[in-house]
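The values are calculated or read from the model by the stated rules, or taken from the named source; none is laboratory data. Because the structure is a prediction, the values reported are computed rather than measured. For neighbour counting, all protein chains shown are included, and Cβ atoms are generated from backbone atoms with ideal geometry for every residue, glycine included. What goes into the accessible areas is simple: the full protein's heavy atoms, side chains included, and nothing from ligands, DNA or RNA. Shrake-Rupley method; radii C 1.70, N 1.55, O 1.52, S 1.80 Å.
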Amino acid sequence: MARKGSLSTSTLQRARAWTVPGPRTIAREVLPNGSVVLAYENFSSPSVVLSGLLWAGAVDEPPNQAGLAAFTAEMLTRGTAHRTFHEIYEAIESVGASLDIGAGYHTTGFGLKALAEDLPALLEILADVLRNPTFPEEEVEKVRGEILTDLQEREHDTRRMAGLRFRETLFRGHPYGRSVDGYPETIRAITREDLVAFHRTFYSPERMIIAIVGAIRAEEGIELVRRTLGDWEARRPEPDPLPPAPRPDRWIYVHTPIAGKTQTDLVMGTVGLARKDPDYYAAMLANCILGVFGMMGRLGDHVRDRDGLAYYVYSRLDAGLAPGPWSVIAGVAPEHLPRAVEGIRTEIRRLQERRVPAKELEDNQSFLIGSLPLRLETNEGIAGVLVDMELFELGLDYLERYPEIISSLTAADVQAVVRKYLDPDRMVLSTAGPEPELHSE
């Protein structure tokens, strides 16, 4: 019988003793243009980290322009109405700061790290590149060349190609099935006018999230954002609803041959769940047991260590705004592929058929609870968590509640969520590398 709240008293007492960001220490303000600003003071070092996102991503691009959102994000720092690429670069480098921008499926994220004294000037630059990029033709061609080089390298990377074909197969006909980075033919066809139009249409402060963490007073950080981005009034169109992404109804196998390789990489899995799904925490714990804890959970113990069938193996739960993949990733010798796949399926079945022993359950719960402070050791980690808390509407008290959420999970919860989402006979298996000795069932 599953034990409710079986985590040791000492572990929970230590968890409750954490000083974590919460409602009393996180400042939150919604600006008139719809932007949400979160600020957390940390004067242990003189630096400040800003992390944020706005709602422009790969789901907004047409299929024949795959990679458009990522291409646009790459171009933002290549010149604005007020600064050239070299002026932007010099201003950032001269003070030892960093500015990163990149697109995902739903959002374009940005991150800024600097000394507190340099933040006002760098926020001006960030606001300028988000609002006023000019997409110089010469820079468009330079960035296009960089993207095409990366895509050419991808074609010879067994791990990346296994992951690419896995998504394309699992999410066939769905935006999640397209590469965020695009494809050579789509990148070659994107014009400067396409980049300008994408930016003009989708870049907006509406529901933009910005978190500022570090050696700056919360009210001062919020005021800096208000001053640089508060008068931005652009609006984006309502997003189209995502189509459903059904789980596979059978075993599906795809292989990408890559000449000259001695290792086969595999990605195997199904459609999981969204971050807001009530089953998320049980799924996170199940995933930890399966392929995260220690040296990659039960999969590491069985497939890699005991049977020697994999160079590496782990499981991954991608739970975002919509259900993403729940998958196992591994690298194996080609001759070991059939046995490695069967070993993975065996461990999934074992989680379905037998409840996790109390000691193993408690160890994994302690790991999940104990690993959270490590994420909060840096300003970058805190800022990332604050953005997630706002994005997924977790509440400002989420970090305070987290230990109790994890400790309340039971072995029955783990078994139920694995039975609900992971069927080892109804999955996509994607491999890349030498010709395999594995065939469709």
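The figures follow:
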| item | result |
| --- | --- |
| Unique match (being of a type in the set (S, T, N, Q) and over 24 Å from Gly173 (Cβ atoms)) among Thr201, Thr262 | Thr262 |
| Residue count for region 92-149, restricted to those that are of a type in the set (S, T, N, Q) and under 18 Å from Ile190 (Cα atoms) | 2 |
| Residue check for Arg165: in a helix (DSSP H, G or I) and basic (Lys, Arg) | yes |
| Every pair of residues 6+ apart whose Cβ atoms lie under 9 Å, when the first sits in region 352-378 and is farther than 21 Å from Ile26 by Cβ and among the basic types (Lys, Arg) while the second is open to solvent by less than 40 Å² (accessible area, probe 1.4 Å) and not in a loop (DSSP other than H, G, I, E, B) | Arg354/Gln415; Arg355/Leu361; Arg355/Ala411; Arg355/Ala412; Arg355/Val414; Arg355/Gln415 |
| Residue that is farthest from Pro325 (Cα to Cα) [pool: residues in region 158-191 that are in contact (Cβ under 8 Å) with a residue 60 or more places away in the chain, surrounded by fewer than 20 Cβ atoms within 10 Å (Cβ to Cβ) and more than 19 Å from the chain's Cα centre (by Cα)] | Ala189 |
| Residue match in region 396-412 (condition: part of a strand (DSSP E or B), farther than 19 Å from Leu372 by Cβ and of a type in the set (A, V, I, L, M, F, W, C)) | no |
| Qualifying residue in region 51-58 (condition: of a type outside the set (A, V, I, L, M) and under 30 Å from Gly173 (Cβ atoms)) | yes |
| Flag if Ser371 is of a type in the set (Ser, Thr, Tyr), open to solvent by less than 40 Å² (accessible area, probe 1.4 Å) and within 22 Å of the chain's Cα centre (by Cα) | yes |
| Tally, over region 192-214, of residues that are surrounded by fewer than 19 Cβ atoms within 10 Å (Cβ to Cβ) and either assigned to a loop (DSSP other than H, G, I, E, B) or over 27 Å from the mean Cα position of the chain (by Cα) (or both) | 4 |
| Sole exception among (1) out of contact with any Gly (no Cβ under 6 Å at 6 or more places or on another chain); (2) surrounded by fewer than 23 Cβ atoms within 10 Å (Cβ to Cβ) for Gly104, by number | (1) |
| Conditions (1) in contact with a helix residue (DSSP H, G or I) (Cβ under 7 Å, 6 or more places away or on another chain); (2) open to solvent by 10 Å² or more (accessible area, probe 1.4 Å); (3) assigned to a helix (DSSP H, G or I); number of the one not met by Lys359 | (1) |
| Residue in region 414-436 that is open to solvent by 20 Å² or more (accessible area, probe 1.4 Å), hydrophobic (A, V, I, L, M, F, W, C) and assigned to a loop (DSSP other than H, G, I, E, B) present | no |
| Matching residues in region 71-91 - criterion: being open to solvent by 20 Å² or more (accessible area, probe 1.4 Å) and either more than 24 Å from the chain's Cα centre (by Cα) or not charged (D, E, K, R) (or both) | Thr77, Arg78, Ala81, His82, Arg83, Thr84, Phe85, His86, Glu87, Tyr89, Glu90, Ala91 |
| Any hit, region 168-187, residues being in contact with a helix residue (DSSP H, G or I) (Cβ under 6 Å, 6 or more places away or on another chain) and of a type in the set (Lys, Arg) | no |
| Boolean, Arg154 is open to solvent by less than 30 Å² (accessible area, probe 1.4 Å), among the charged types (D, E, K, R) and in contact with a Phe, Trp or Tyr (Cβ under 9 Å, 6 or more places away or on another chain) | no |
| Among the residues listed as Asp301, Asp240, Asp277, the single one being open to solvent by 30 Å² or more (accessible area, probe 1.4 Å), over 29 Å from Gly57 (Cα atoms) and not small (Gly, Ala, Ser) | Asp301 |
